[in-house]
Structure formats: C-alpha cells, structure tokens
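Undergrad: Below you'll find the structure I mean.
The values are calculated or read from the model by the stated rules, or taken from the named source; none is laboratory data. Keep in mind it's a predicted model, so treat the numbers as computed, not measured. Glycine gets a Cβ as well: all are built from the backbone with ideal geometry, and neighbour counts include every protein chain shown. Just the protein is used for accessible areas: all its heavy atoms, side chains included, with ligands, DNA and RNA removed. Shrake-Rupley method; radii C 1.70, N 1.55, O 1.52, S 1.80 Å.
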Amino acid sequence: MTDKPRHLIDIASLDDADISQLIERACALASGAQPASLGTTAVNLFLEPSTRTRVSFELAAGRTGMRVVNIAPRDSSIAKGEALADTAGTLAAMGVDALVLRHPESGVPVTLADDLDGAVRVINAGDGTRAHPSQALLDAATLRSQGIETRGLKMAVVGDLRHSRVAASGLALWPRLGVGDLRLAAPPGLMPDEPPAGARVCASLEEAIEGVDVVMMLRVQLERMASGERPDGAAYFREWGLQPEHLEAAAKGCRVMHPGPFNRGVEIDSRVADGPASLIREQVRMGVFTRMAIFEWT
Ligand code: CP
C-alpha cells in the first residue's frame, strides 16, 4: 500500500490512469504475474448478503499477503448500536489498514471515508443502489482478458437498471472506456428517472440487443422493491428474460454478461447462462484478480 491512503469509493473518483492501471494489473495477475506481498490487514464488513464480492475480496487478500478478518454484523458491536464510524475507528486503532464495506444505504462509504480522514482505507463493496466499483472494474477486466476491445463496442444493459448499483458503476465506466453504442432497456418502473447522458434508451430487450457485441443482463432486485412492485417471475421472463433466440439478432460472437447472482428463468435462460456466449463464470474468476489489483493499488 502507498503512504497516502487511497479509498475505492466509486468510478467517478478514479482518474483515467487509475482505471487503466487497475484493469491492466488485474489482467496481468490473471496471466500469472507475481502479486505483491502487502503484509497488511483488511476487514470484510458486509451489512448486506454477498457471495462473490465477499469471498473474492477474502481470497484476493490472502493472495496478496494480507491478513483478512470477516465481521458478521450480528456478532459485532454494530448490533449493540455502535456507529459505523466508531466501528471503523476502532478497527483503525487496532492497526487495520483496509475496510471492505458493503452497506444497504447509498453514500455511506463516501461519508465514512471523509470521517476517517485516512485512518483506514475504505473499499466500497457496494452501497445501496449507488455504486459497486469493483464489479464494474472486474467486468472491464473480463472483457480485456477475453481480447474484447471496449473502444467502439456496442453494448446493451438490460433489466432492473433502477436498483442496480452494478449498472450505475458500469454506466459511469463504459463511456470512459470508449464504448461507442451503449443501450439501456428496462421494464416500466425499472428504468432510472434520469438515464445517463450518452446512453440510448430502448423500448424492449429485442431493440436493445439488435447488433450488439455484449449484452449485460441485470438481476431483478426484489429486496429493494415493495411487495406490490415486485414483478411476476414468469411474466418478466417472457418479456425481459434473455433467451437463446434473442442472441440471433445480436452481432456474431456476442458475449453475455451478468454480475450475479442471477435468477434462472427470470432475467436469463439457463441455456444462455450456461452456454458458449456466457462470460458469467469468467467474471467471477476475474473478480479475484481485480480485487488483488485493488488491494495493491490502495
Ligand atoms: N455481483 C455481486 O455483487 O455479487 P454478490 O452480491 O454475491 O457479492
């Protein structure tokens, strides 16, 4: 780690050189480059469920010579009402260098990083619907590792864009990597009120994936919807689920991504998720290397 603390909060707070460095380093590590031996300590504090992000940060810490401590919220003093900033300050006092934080409220990592004033590096592992920067970076590293050039790429992002922090970070990243034709499609009520400038809003899945090189499907985030807002899974799948026939209209060799966890038979057909176009497992694999690069960079 550098002497100057670097937090990973969102894509907007990274400059272009940081983004290039992180993606290139993730790919180099995936190709067998020797990882740094950091000798520092990270705490994983996940206040929302996670499989991929939590485990891959833990594996990444181990592979970069770090000690990692997992805190289960219900077994920590957060359950007794301790403020998050006090928990983080307590960890810093024990010599913890990095706090990997997932939080249900948007913006918490931003204020926490400000409050801590560098006492511990904050790595945002997903806050509310706002940002999931390590996921966007690993998605970009996945494309790079597959030899897919983002400059001029045609990409569709389809599904629950309204609640997806993955989409929010991806939409901040893809234009900066030169994606030339970025299309968004979501069912009524699941498109953000203000879709990002530079992306084309499409009326249907079919319109969005016509001729694209990459389609990124998103999970329906039922946990962020009131019970009356939740779509019926079968009806959703008929209109918005990615099925093999849809890919016939995409560009030849179109690849399919999904940040996971994915719902088979809701936003994606198993024949697509498990099929030759799918990069879903490769995204998971690249997640470990990307998070190693993040630990090296902070
Ligand atoms: N993509 C992602 O954040 O997955 P987890 O919730 O399993 O970490």
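Undergrad: Over the chain, what is the relative contact order in percent, taking alpha-carbon pairs closer than 8 angstrom and at least six residues apart?
TA: Across the chain, relative contact order equals 22 percent.
Undergrad: What does the charge count around Ser56 come to, taking other residues whose C-beta lies under 11 Å from its C-beta (Lys +1, Arg +1, Asp -1, Glu -1)?
TA: Here the charged neighbours net out to +4.
Undergrad: So, one more: Give the longest segment of the chain that steers clear of GluC sites (Glu not before Pro) in DSSP loops with at most 16 neighbouring Cβ atoms within 10 Å, not counting the sites themselves.
TA: Maximal segment without exposed cleavage sites: 1-81.
Undergrad: Dividing the Cα radius of gyration by the Kirkwood radius, what Rg/Rh value follows for the chain?
TA: 0.97
Undergrad: Can you give me the accessible area per residue for the range 57-175, using a 1.4 Å probe, in Å²?
TA: Result: 38 Å² per residue.
Undergrad: Find the centroid of the Cα atoms in the range 20-58 and in the range 222-298, then give the distance between the two in whole Å.
TA: If you average the Cα positions of each part, the centres end up 22 Å apart.
Undergrad: Rounded, prolate or oblate, given the Cα gyration tensor of the range 202-298, with a/c below 1.5 counting as rounded?
TA: The shape class here is oblate.
Undergrad: Let me ask something additional. For Lys154, Lys80, Lys252, give the ranking by accessible area with the largest first, probe 1.4 Å.
TA: In descending accessible area the options line up as Lys252, Lys80, Lys154.
Undergrad: Could you give the size of the charge dipole of the range 140-298 about its Cα centre, using +1 on the Cβ of each K and R and -1 on the Cβ of each D and E, expressed in debye and rounded to the nearest 20? Each step should come with its number before you reach the end.
TA: Numbers: 19 positive and 20 negative charges, 109 e Å.
Result for the range 140-298 is approximately 520 debye, rounded to the nearest 20.
Undergrad: Rounding to the nearest 20 debye, state how big the charge dipole of the range 227-295 is about its Cα centre with +1 on each Lys and Arg Cβ and -1 on each Asp and Glu Cβ.
TA: I would put it at about 360 debye.
Undergrad: Separate question: Amide H of Ser278: which non-local residues (sequence gap of 5 or more, or other chain) have their own amide H closer than 5 Å, using H built in the peptide plane?
TA: Amide H to amide H, under 5 Å and 5 or more residues apart or across chains, Ser278 pairs with Val256.
Undergrad: Which of Val55, Leu14, Asn70 sits closest to the plus end of the dipole of the range 14-163, meaning its Cα is farthest towards the positive end, when Lys and Arg get +1 and Asp and Glu get -1 on the C-beta?
TA: Val55
Undergrad: Assign unit charges at the C-beta atoms only (+1 for Lys and Arg, -1 for Asp and Glu), then state the dipole size of the range 1-111 relative to its Cα centre in Debye, rounded to the nearest 20.
TA: On the way: 10 positive and 13 negative charges, 81 e Å.
For the range 1-111, the charge dipole is close to 400 debye.
Undergrad: Now, a different point. Which shape class applies to the range 11-54: rounded if a/c is under 1.5, otherwise prolate when a/b exceeds b/c and oblate if not, where a ≥ b ≥ c are the square roots of the Cα gyration tensor eigenvalues? Don't skip to the answer; put the middle values down first.
TA: On the way: a/c = 1.81, a/b = 1.28, b/c = 1.41.
It is oblate, given that a/c is not under 1.5 and a/b is not larger than b/c.
Undergrad: Round to the nearest 10 and give me the degree value, 0 to 90, for the angle of helix 133-145's Cα axis relative to the longest principal axis of the chain.
TA: Rounded to the nearest ten degrees, it is 60.
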